[in-house]
Amino acid sequence: MKPLLSVENLRIAFPSRQGPVEVVRGVSFNLGRERLGIVGESGSGKSQTGRALLGLTPVSGTATADRLEFDGVDLRNATAKQWRSLRGARMSMVMQDPKFSLNPVMTIGKQLMEAVKLHGGKSEARDKSLAMLEAVQIRDPDRVMAAYPHELSGGMGQRAMIAMMLVTEPDLLIADEPTSALDVTVQIEVLRILDNLVTQRGMSLIFISHDLKLVSTFCDRVLVMYAGRVVEELDASRMSEASHPYTRGLLNCLPTITGDSRPLPVLARDDAWLE
Amino acid sequence: MKTSEGHHRALPTVLGKAMRLAATVVFTIFGLLVVTFLIGRVVPVDPVLAVVGDRASQSTYDKVFVELGLDKPLYVQFSLYVEKAVTGDFGESFLTKKPIIDDIARAFPATLELATVGIIIGTLFGVPVGVWAAVRQGKLVDQVVRILGLVGYSAPIFWLGLLGLLVFYAKWGLVAGPGRIDISYEYAFTPKTGLFLLDTAMQGQWGAFRNVVSHIALPAALLGYYSMAYIARMTRSFMLNELAQEYVVTARVKGVAEWRIIWVHALRNAAVPLVTVIALSYAGLLEGSVLTETVFAWPGLGQYLTNSLQNADMNAVLGGTLLIGIIFVGLNLLSDFLYTLLDPRVRRRT
């Protein structure tokens, strides 16, 4: 079966005073109907990889690839019109913090219905939006529709964001640290909702996070990124068989509930990983 | 149930807010009265001499001194001043021998009309130009806008005014010359509001209306250009700030068209601080642009105040100052009100 998305040798560079700096250096992967996790520390290029898939690399940066194909469409030279028909309708993205990612002067309802209306469905926009808010387990969707983003808690805001991104039933959802800005207590709740919807609707998911443990729980396959490269790719169920020293080091640093090891283990970095 | 509860809580806050607002306004205007009163007493202009002239006898001088209430203690004088000011009595102008309030009622509409047309031009051009420059940051358009803005900032207005008169009036005859209206049209209508554009239009005097338009075009365009330079620069920087926000990325992810992202999502947010910028430039124009009014022989507030100042007509100067202060307070209130309308985050906060 042909993969939904295939990426080959993706490179993203930003100019700096010392010449261009590559933040993503030759990332390649294929994605089918599955949940793929991308883990890495900050600056490893995982978010930029996610954004490049949507053609949202910041204007100052340049993204190149030998292949960047979504369902037969070559994304490398997609026109503005093609992008508009892909974004929202077929691929979308949930971002980190609903405090910043929702428009502060528009009601949730207006933002949600805008997504529906853009991809056909003017008449049923309201019903669809209400149903979607219920699907993300918001109990009083009418009130939330009329609310402004600052009137919602972080968890509620992020659920509204997920609703907004899934209401058009895309094929691919990119979740870029969707729970990092939330309280620990609501993190799992929001993730469960996201996971259920993705599974029910048979969507592909790219889950970007710095939390190795979380990613291995919610994904089928994990890419470990370090300094702009994929250093390891493995099945989530085979986490213990990781072979790259970076992944091993990260796993070693996870605290266990029984043994208390002092001093705490520290990740020893090796310059060889950069190559 | 929930909503009715919300209303109960909302009512006292609205009332409290209104009262706090009223208190602020009263306090500000009171402060203004204190300042104008003290200035009137501190300046080395003898108000009695201004009335009687320097050849009056000592007995006349003393009589007027008492008439003006200058023999009473300062606080009594002040309370009399406030009492009169509240009823709109600022005394008489030494120069025109008419009550200040009548003089201002005649001069202010001229300034109001010019400033209003000016700020409309400035906003109508300034906002889109600023947005355009922000969207094409660093490109040719941005540079052109920057240079135009720089000229608007640094070229003296009287110079541009004279240049405008030379080219558009004297050379090409495209617009009418100085003044608000030609003498031949002056009695074609009754100035009810004092805003000639409105008066002539309402009375169907289209010939006079065209003449008024022709007169106001150049000075209003000039004031419009100056406020446009400022408004465009501020719009550009507010828009750059908004376009860098995450919600813009969200809108792109949703597949929103670029024009809608710019003009609906981002501009709607940039409009919040922009309202204050526009209101304050409007207030600046309402002060009466002395130079513009002088160059164009515009019988407005700026000209009236300069004239009074040069003739030591203190009543007129202080009355005008007070009016300008009140305009500032009023426009600030208006922009605060619009601010809460535009930004839901301010609306519900007490």
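The values are calculated or read from the model by the stated rules, or taken from the named source; none is laboratory data. Note that the structure is predicted; figures quoted are calculated from it, not measured. Positions of Cβ are generated from backbone atoms using ideal geometry, with glycine treated the same way; all protein chains shown enter the neighbour counts. Protein only, heavy atoms only, side chains kept; ligands, DNA and RNA dropped before computing areas. Shrake-Rupley method; radii C 1.70, N 1.55, O 1.52, S 1.80 Å.
Worth pointing out:
- Signed unit charges on C-beta, dipole axis of chain B, positive-most listed residue B:Ala283, B:Val295, B:Leu267: B:Leu267
- In sequence order, the range A:223-233 has phi-based couplings of 9, 9, 10, 9, 6, x, 10, 7, 8, 7, 10 Hz under the Karplus curve 6.51 cos²θ - 1.76 cosθ + 1.60, θ = phi - 60°, and Gly or Pro positions carry x.
- Percent of Cα-Cα distances greater than 28 Å, calculated over chain A: 39
- Using only Cα coordinates, the Kirkwood hydrodynamic radius of chain B works out to 23.7 Å.
- R0 of 22 Å, Cβ-Cβ distance A:Trp273-A:Phe14: FRET efficiency to nearest 0.05: 0.55
- Charge dipole (Cα centre; +1 on Lys/Arg Cβ, -1 on Asp/Glu Cβ; no other charges) of the range A:99-169 amounts to roughly 140 debye.
- Of the residues B:Phe30, B:Leu74, B:Ala56, the one whose Cα sits farthest towards the positive end of the charge dipole of the range B:1-133 is B:Phe30 (charges of +1 on Lys and Arg Cβ, -1 on Asp and Glu Cβ, taken about the Cα centre).
- For A:Arg67, distant residues with modelled amide H under 5 Å away: A:Glu8
- Axis angle, to the nearest 10 degrees, between helix B:74-86 and the longest C-alpha principal axis of chain B: 60 degrees.
- Exposure of A:Ser237 as accessible area (Å², to 10), given a probe of 1.4 Å and all protein chains: 110
- For the range B:303-308, the Karplus equation 6.51 cos²θ - 1.76 cosθ + 1.60, evaluated at θ = phi - 60°, returns couplings of 5, 4, 5, 4, 4, 5 Hz by residue, with Gly and Pro reported as x.
- The calculated Kirkwood hydrodynamic radius for the range B:242-304 is 14.5 Å, given to one decimal from all distinct C-alpha pairs.
- Computed with a 1.4 Å probe over protein heavy atoms only, the accessible area of B:Trp263 comes to about 110 Å².
- The dipole here belongs to chain B: it is taken about the Cα centre, uses +1 on the Cβ of Lys and Arg and -1 on the Cβ of Asp and Glu, and is about 1600 debye.
- Placing +1 on each Lys and Arg Cβ and -1 on each Asp and Glu Cβ, with no other charges, gives the protein assembly as shown a dipole about its Cα centre of roughly 820 debye.
- The 1.4 Å probe gives accessible areas that order A:Ser243, A:Ser85, largest first, as A:Ser243, A:Ser85.
- For the range A:99-169, the Kirkwood estimate of hydrodynamic radius, built from reciprocal distances between every pair of different alpha carbons, is 11.7 Å.
- Set A:Lys81/A:Lys128; B:Lys98/B:Lys192; A:Lys46/B:Lys254; A:Lys128/A:Lys213 screened for pairs whose C-alpha atoms are more than 31 Å apart: A:Lys128/A:Lys213
- For A:Glu232, the residues 5 or more places off, or on other chains, whose built amide H falls under 5 Å of its own are A:Val224.
- Here the Debye sum runs over all C-alpha atoms of the range A:146-196 as equal scatterers in vacuum, and log10 of I(q)/I(0) at q = 0.14, 0.16, 0.29, 0.30 Å⁻¹ comes out as -0.35, -0.46, -1.25, -1.29.
- Applying 1/(1 + (r/R0)^6) with r as the Cβ-Cβ distance of B:Leu80 and B:Val45 and R0 = 22 angstrom yields a FRET efficiency of 0.70.
- The sum of -39500 (n - 2.57) across all DSSP H runs of n ≥ 4, divided by the residue count of chain A, sets its helix-only mean residue ellipticity at 222 nm to -9500 deg cm²/dmol.
- Spatial extent of the range B:24-86: Rg and Dmax, with the Cα atoms as the point set, Å: 13.8, 47
- Residue-wise HN-Hα coupling along the range B:33-44, computed from phi with Karplus coefficients 6.51, -1.76, 1.60 (Hz; x: Gly, Pro): 4, 4, 4, 5, 4, 5, 4, x, 8, 8, 5, x
- Note on the range B:109-301: Cα Rg divided by 2.2 N^0.38 Å, N the number of residues, gives 1.20.
- Relative to the dominant Cα principal axis of chain B, helix B:140-154 is inclined by about 10°.
- Scattering curve values for the range A:111-263, log₁₀ I(q)/I(0), Debye with Cα scatterers, q = 0.12, 0.19, 0.20 Å⁻¹: -0.62, -1.17, -1.25
- Between amide H atoms placed 1.01 Å from N, distances below 5 Å from A:Phe207 occur with A:Leu36, A:Gly37, A:Ile38, A:Ala175, all of them 5 or more places distant or on a separate chain.
- Computed accessible area, A:Lys122, all protein chains, 1.4 angstrom probe, square angstrom: 150
- Span-rule helices in chain A, defined as complete DSSP H runs reaching 20 Å or more along the axis (Cα) with Kyte mean at least -1.0: A:184-200
- Residues A:Met93, B:Met19 ordered from highest to lowest accessible area at a 1.4 Å probe: B:Met19, A:Met93.
- For chain B, the longest principal axis of the C-alpha atoms and the axis of helix B:314-342 are separated by about 20°.
- Order of exposure, largest accessible area first, which applies to A:His244, A:His150 with probe 1.4 Å: A:His150, A:His244
- Normalised alpha carbon radius of gyration of the protein assembly as shown [divisor 2.2 N^0.38 Å]: 1.34
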